[in-house]
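What follows is one structure encoded as structure tokens, with my remarks underneath.
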There are 2 protein chains.
Amino acid sequence: MPREVRERQMCDAAVRVFARRGYSAASMDEIAELAGASKPLVYLYLNSKEDLFGTCIRREAEVLLAAVRAAARPEDPAERRLWNGLRAFFAHTAEHPEGWAVLSRQARSHGEPFAGVVAELREGVVDVIVGLIEEAAAVAPDAPPLDGREASGLAYALVGAAESLADRAIGAHGPDGLGGGAVPSAREAAETLMNVAWVGLENLVSGRRWPAVREVPSGG
Amino acid sequence: MPREVRERQMCDAAVRVFARRGYSAASMDEIAELAGASKPLVYLYLNSKEDLFGTCIRREAEVLLAAVRAAARPEDPAERRLWNGLRAFFAHTAEHPEGWAVLSRQARSHGEPFAGVVAELREGVVDVIVGLIEEAAAVAPDAPPLDGREASGLAYALVGAAESLADRAIGAHGPDGLGGGAVPSAREAAETLMNVAWVGLENLVSGRRWPAVREVPSGG
């Protein structure tokens, strides 16, 4: 069997074990067994549990980003790019719940270099959304100058909202972290987010704001 | 010194060390030294690193929830409750960045019973937001019947957006996880969220939806 195929099988097994046991408790014995390989071969190919974890995180981040990028085609207008990108994000995370669990729960809490991969993935997605907002602002009639801080705040809010809905869809908010059960479809999750995101984006671009901001006393 | 005071000092020290090193790498030696206590006394009072971690997580979750609850006073209308609750959330997490880092990054990835405490905290906040939505729906004129799935989807989206903005405010999206730097104020973060949240909530209650949902082909 070619080495790439073997390595992919080992990574598949490792993602499942990391998602279920957590990084610290995951054992190379279990990963090797699940991959149908000997433990020495896993070490020979992927070096160490730490390296294997890093390889898994980078792979899961790359395939997720590739799925979103393929759906958000540059020739489409911003609104359709966001809608298609969101559906691809929720479909991919629902189809790869263990990969998403590793990115969402494990990668951020075990220091560098793992947290950096996820931070980079998130920054990449935030940049894409800021680009959508700028594009929407550029074509909006009579739009006031775009406030970069507001645009980036909205982008971070959307990314967090999408992460939370993806966690919910794989049952990750439940105590066992990989629950399943009756959860919204990818389309439903994308609709929920478009209902707030696109309206928020249109408001931002047109200069409309939540009205009470100016009514409440300042400070705090 | 009374035992409660000593235990509080130990917890304060533990939260700092867990936030900076992560749960696995945190050492009881460092925690004891930072607390100005002997290691045997830390073990006598708080039993084990695992128990100490659990105590810290429960304490940080309780004080955060208490701060939000105190700000979102039941006698206020839903809109003001959300605004005040959000400002309290962002102010508290910005003032206690290490407590927030432990809740947001560490608690979810080290299995039970820790993940359960955070899941319970999140469910508690989601329930509060669903309550706000129901209240807003009850007073809205000509509102169609509220869809419970949509309300809960919006609540999860808001909670995720708030978590992401709180992470950003403490610099947690950066590679070192406790960055600092130029970040939005609590008030700015709350405004960002009200701009999308309240509009989203009003749309949900009034039955308005992102228009393109009905235009795009179904499936997916």
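The values are calculated or read from the model by the stated rules, or taken from the named source; none is laboratory data. Keep in mind the model is a prediction, meaning the values are calculated, not measured. Note: ideal-geometry Cβ built from the backbone for every residue, glycine included; neighbour counts use all protein chains shown. All accessible areas refer to the heavy atoms of the entire protein, side chains included, with ligands and DNA or RNA removed. Shrake-Rupley method; radii C 1.70, N 1.55, O 1.52, S 1.80 Å.
Please calculate how many Å² of accessible area region B:8-98 carries per residue, with a 1.4 Å probe and no DNA, RNA or ligand atoms counted. Each step should come with its number before you reach the end.
Working: 4380 Å² over 91 residues.
Dividing the accessible area of region B:8-98 by its residue count gives 48 Å².
At a 1.4 Å probe, what is the % contribution of carbon and sulfur to the accessible area of chain B? Walk me through the numbers before you get to the answer.
On the way: 5110 of 9670 Å².
With neighbouring chains kept in place, the figure for chain B is 53 percent.
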Summing both sides, how much accessible area is buried between B and A? Use a 1.4 Å probe and give Å² to the nearest 100. 4700
When you look at the Cβ of every residue in B:73-86, what mean number of other chain Cβ atoms sits within 10 Å? 1
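Show me the ranking of peptides A:71-77, B:152-158, A:49-55 by mean Cβ neighbours inside 10 Å, starting with the highest.
Going by the mean number of other Cβ atoms within 10 Å, highest first, we get B:152-158, A:49-55, A:71-77.
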May I ask you to report, in nm to one decimal and beginning with the shortest, the distances from residue B:123 to the same position in the other copies, taking label points 7 Å along Cα-to-Cβ? 3.7
Could you pull the copy-to-copy label distances for residue A:21, with points set 7 Å along Cα to Cβ, in nm to one decimal and sorted shortest first? 2.4
Taking Cα atoms, how many degrees apart are the long axis of helix B:148-169 and the longest axis of chain B, rounded to 10 and kept between 0 and 90? 50
List the distances, in nm and shortest first, from the label point of residue B:77 to the matching label points in every other copy, placing each point 7 Å from Cα along the Cα-to-Cβ direction. 3.5
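Evaluate peptide B:188-194: per residue, the Cβ atoms of other protein chains within 10 Å of its Cβ; return the mean as an integer.
Details: counts 3, 3, 3, 6, 12, 8, 5.
Mean inter-chain Cβ contacts per residue within 10 Å come to 6.
Run the dipole for chain B about the Cα centre, Lys and Arg Cβ at +1, Asp and Glu Cβ at -1, nothing else charged, and hand back the magnitude in debye, nearest 20. Mind dumping the intermediate values first?
Numbers: 24 positive and 31 negative charges, 69 e Å.
Rounded to the nearest 20 debye, it is 340 debye.
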Could you sort B:30-36, B:61-67 so that the peptide with the highest average Cβ count within 10 Å comes first and the rest follow in order? B:30-36, B:61-67
In sequence order, calculated HN-Hα J values of region B:92-101 (Karplus, 6.51, -1.76, 1.60; Hz; x Gly/Pro): 5, 5, 6, 7, 10, x, 6, x, 5, 4
Against the longest principal axis of chain B, how steep is helix B:114-139, in degrees 0 to 90 to the nearest 10, with axes from Cα atoms? 30
Peptide B:115-125, shielding by other chains (average Cβ, 10 Å cutoff): 3
State to the nearest 20 debye the size of the charge dipole of the protein assembly as shown about its Cα centre, where the only charges are +1 on K and R beta carbons and -1 on D and E beta carbons. 460
How large is the accessible surface of residue B:43 in square angstrom, using a 1.4 angstrom probe and rounding to the nearest 10? 90
